[in-house]
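What follows is one structure encoded as structure tokens, with my remarks underneath.
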Amino acid sequence: QAATPMLAETDPQAGALGYKADATKVDKAKFPKYAAGQLCNNCALYQGKAADAAGGCPLFAGKQIAGKGWCSAWAKKA
Ligand code: SF4
């Protein structure tokens, strides 16, 4: 079985949600809701463990998301 590919920022859905593999590169003019410290690995939707470099996300089925990434669907863990 092939390894799950990393989500590309050029993926249309990734672009629509402002996904960046490096959260510090988020377009803050376009996504003013972004706040420093928000990362995929502390997002409620992240399926990896907090320490994992990459993990799944239900918004991007079949892809791996960077733990240090971010998208505009970021949600605080309960
Ligand atoms: Fe990352 Fe959360 Fe967006 Fe998924 S929903 S890509 S885990 S910020």
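What follows is calculated from the coordinates using simple rules that are stated; it is not laboratory data. Since we're looking at a predicted model, the values are computed, not measured. Ideal geometry is used to build each Cβ from the backbone, glycine not excepted, and the neighbour counts take in all protein chains shown.
Computed from backbone phi with θ = phi - 60° and the Karplus coefficients 6.51, -1.76 and 1.60, the 3J(HN,Hα) list for region 61-78 is 4, x, 10, 9, 9, 5, x, 8, x, 6, 9, 6, 8, 3, 9, 5, 5, 5 Hz; x is used for glycine and proline.
Across all directions of projection, what mean area in square nanometres is found for the Cα convex hull of region 18-78? Let's see the in-between values first.
Numbers: hull surface 14.9 nm².
Mean projected area for region 18-78: 3.7 nm², to one decimal.
Dipole magnitude of the chain about its Cα centre, charges +1 at Lys/Arg Cβ and -1 at Asp/Glu Cβ only, in debye to the nearest 20?
280 debye
Report relative contact order for the chain in percent, whole number only (criteria: Cα-Cα under 8 Å, sequence separation at least 6). Mind dumping the intermediate values first?
Numbers: 138 pairs, mean separation 28.6, N = 78.
Here the relative contact order equals 37 percent.
Rank the residues F31, F60 as a footprinting-exposure proxy: fewest other Cβ atoms within 10 Å of their Cβ go first.
Details: F31 16, F60 19.
Listed from fewest to most nearby Cβ atoms, that is F31, F60.
Please give the peptides 35-45, 13-23, 64-74 ranked by average Cβ packing (other Cβ atoms within 10 Å per residue), highest first, as a rough proxy for protection. The partial results should precede the final answer.
Working: 35-45: 15.6, 13-23: 17.4, 64-74: 22.0.
Most protected by this proxy first, the peptides run 64-74, 13-23, 35-45.
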